[in-house]
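Below is one structure, written out as structure tokens; the observations come after it.
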Amino acid sequence: MAATEDHSTTERPDSAYYVTTPIYYVNDRPHLGHAYTTVAGDVLTRWHRQRGERVWYLTGTDEHGQKILRTAEANGVTPQEWCDRLVEEAWKPLWQHLNIANDDFIRTTQERHTDRVQEFVQDLFDKGEIYKGGYSGPYCVGCEEYKLPGELLPGASEDEKLCPIHKRPVEWLEEENYFFRLSAYGPKLLEFYAENPDFIAPASARNEVLRFVEQGLQDLSISRSTFNWGVPLPWDEKHVLYVWVDALQNYITAAGYGADQARFEQLWPASVHLVGKDILRFHAVIWPAMLMAAGLPLPKRVVANGWLMVGGEKMSKSNLTGIAPTDLTSHFGVDAYRYYFLRAIPFGTDGSFSWEDFTARYTSELANDFGNLASRVAAMVGKYFEGSLPAATAHGEAEQAVADALVKATGLADRKIGEELDFAGGIAAVFDFIKLVNGYLTEQEPWKVAKDGSEEGQARLASILYTAAEALRATAVLLNPLMPVAAQKLWDSLGAQESLGALEAQTIATVADWGRLPAGSTVTKGDILFPRLEEKPTA
Ligand code: MSP
């Protein structure tokens, strides 16, 4: 297999910062919960791109298994037709609408995936990591997972048991299956977690995985023979591969595993697998064990986000209360949507969405603090300097304080967003800086200074407005990964596109270098960044 060949003669290209989302089941349309993880990954990769790093952002769809098969049957189409329709009509358009800049989109029904998956499992079979055996147990089709009897909830009757996540009856499955020797990997996994304390984040997720593995692992049933919507096992075509074992491999098949070794080495191991906390064990236990068995390097980090909740329950298609991502973007706009969930919910914890909270943050943080600052500064440069940014000839202590605050805010945001995935903390650092600039203008009162016709007064006015415009120049760069549309509008209104070039080309490393925006830049009053909200639409 390609992974074990000697490639010492191939020159290793630069590695990239490689981020993945879970690949989503296409039994239904995307909802707020799916968009939450995908936006987070987009902001993370855009941040690293803004640093000037090579980045690769992968998302995609999980198309095999019983859940998809049953949905297709219920809709009277073949599973492939169903998947094609949903991917093209629902999933890809939503990511485009939300400005998700993914570099690739993998579908598990693509040959570039299925062919490599067959090679991967054949390799494990040849190595003796897979054997034939029997299994019976309660199975949840919603989770596509065998459950342990102890974790089930009581159902309507004595015999009925419910999945603790889906609250729907589990089914009793009895099959002759192939098994992966997962149990053999417990001690190796524990050793790996101990040597790599940052592998699983946040700490609560790490502890949960440690406790689970410490209890001892069972071998994993990795094939199904009661239906055929899946990847056939190459040595026994009566069986299809268990959908999770198929799906997890998307992270390597999309990266060129077994097909394009140079690309694979550039991307793998992934820098971050972003996952919901419900699918942590698959990513932090089963996936690393499979990779160990195949002799491949393990991903660097698995970071679990919490759940978006509705009425105290995990948001899902059945309890969405009818809110789709586009219902929110049509009211608040795409940028505000990207902002809100990452700002309002500390990444890693559960959080509830509320229309009122979104409205309050939109109005006070986006429209008032940020949007007004941008339009006031542009208006004053227009009014007092005919739209030509003046030079700061009277840079004093107050201006230095703004420049210093920018250095601090940039360092903090870079660490929190780029390294810790503390999006809320990083965004807060940028918005604290915006507040400080507003405070600076309130104190300096440029509208009063403008009335002082003296040369000294003019120099003060010029310095105040230069300082505010320069602070906005940096803000546009820092917010570009989060709110690319508003950031570009601001960039254009500062005349920076002309004087400094493309916004994407500005790096985080130089963003706090004071004085980058040249005097003489043409400042114009562009579109209002965050217009007043219309009345809340009634359902
Ligand atoms: N297909 C599997 C993943 C395979 S990855 C190799 C799957 N798909 S899913 O469509 O059911 O959900 C995937 C992910 O969507 C969740 O783990 C999570 O990242 C996100 N979310 C789904 N509902 C969510 C919330 N209510 N809140 C936050 N994220 C949620 O599982």
### Message
No partner Cβ under 4.7 angstrom, meaning no disulfide-compatible partner by this rule: which Cys of the chain qualify?
### Response
CYS83
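Please compare each pair in LYS92/LYS127; LYS448/LYS536; LYS92/LYS161; LYS147/LYS277 to a cut-off of 27 Å on the Cα-Cα distance and tell me which ones are over it.
Working: LYS92/LYS127 38 Å; LYS448/LYS536 38 Å; LYS92/LYS161 36 Å; LYS147/LYS277 17 Å.
Cα-Cα > 27 Å for LYS92/LYS127; LYS448/LYS536; LYS92/LYS161; rest within.
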### Task
Give, to the nearest whole percent, the P(r) tail of the chain beyond 30 angstrom, counting all Cα pairs.
55
### Query
Taking amide hydrogens as modeled 1.01 Å from N in the peptide plane, which residues meet the under 5 Å criterion relative to GLY276, leaving out close sequence neighbours?
ASN305
#### Entry: Amide H contacts under 5 Å for VAL310, placed H, 5+ residues apart
MET315
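If a/c stays under 1.5 just call it rounded; otherwise compare a/b with b/c (prolate if a/b is bigger, oblate if not). Do that for the range 96-226, with a ≥ b ≥ c from the square roots of the Cα gyration tensor eigenvalues. Before the final figure, lay out the partial values.
Values: a/c = 1.20, a/b = 1.18, b/c = 1.01.
Cα axes put the range 96-226 in the rounded bin.
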### Query
Per residue, how many Å² of accessible area does the range 158-239 show with a 1.4 Å probe?
56
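Roll a 1.4 Å probe over the protein chains and send me the accessible area per residue for the range 18-132 in Å². Intermediate results must be reported in sequence, preceding the final value.
Working: 4040 Å² over 115 residues.
For the range 18-132, the per-residue accessible area is 35 Å².
Which value, in Å², gives the accessible area per residue of the range 437-520 when a 1.4 Å probe is used on the protein heavy atoms? Don't skip to the end; give the middle numbers.
Values: 3100 Å² over 84 residues.
Dividing the accessible area of the range 437-520 by its residue count gives 37 Å².
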### Query
Taking H as built 1.01 Å from N, whose amide H comes closer than 5 Å to the amide H of HIS239, not counting residues under 5 places away?
LEU233
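Measure off, as a whole percent, the carbon and sulfur share of the 1.4 Å-probe accessible area of the range 90-163, all protein chains present.
Values: 1570 of 3350 Å².
Result for the range 90-163: 47 percent of the exposed heavy-atom area is carbon or sulfur.
Can you give the FRET efficiency to the nearest 0.05 for ASN372 and ARG54, using r as the Cβ-Cβ distance and R₀ = 41 Å?
Working: r = 37 Å, r/R0 = 0.91.
About 0.65, to the nearest 0.05.
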#### Entry: Only Lys, Arg (+1) and Asp, Glu (-1) charged, at Cβ; the chain dipole about Cα centre in debye
880
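Restricting to bridges with both residues inside the chain, how much of the DSSP beta-bridge set is antiparallel, in percent to the nearest 5?
Details: 24 of 44 bridges.
Around 55 percent antiparallel, to the nearest 5.
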## Note on the structure
Net charge near GLU504 (other residues with Cβ under 15 Å of its Cβ; Lys, Arg +1; Asp, Glu -1) is +2
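Can you give the calculated 222 nm mean residue ellipticity of the chain, where each DSSP H run of n ≥ 4 adds -39,500 (n - 2.57) and the sum is split over every residue, rounded to the nearest 500 deg cm²/dmol? Each step should come with its number before you reach the end.
Details: 22 runs with 231 residues, N = 539.
Value at 222 nm, helices only: -13000 deg cm²/dmol.
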### Query
In percent, what relative contact order does the range 258-358 have, based on Cα pairs under 8 Å that are 6 or more apart in sequence?
28
### Reach of LYS167 by Cα under 16 Å, taken over aspartates and glutamates that are not fewer than 8 positions away in the same chain
GLU144, GLU145, GLU151, GLU158, ASP159, ASP278, GLU313
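The values are calculated or read from the model by the stated rules, or taken from the named source; none is laboratory data. All values derive from a computational prediction rather than experimental measurement. Cβ sites come from the backbone with ideal geometry, for glycine too, and all protein chains shown count toward neighbours. Accessible surface is based on the protein model in full, side chains and every heavy atom, while ligands, DNA and RNA are left aside. Shrake-Rupley method; radii C 1.70, N 1.55, O 1.52, S 1.80 Å.
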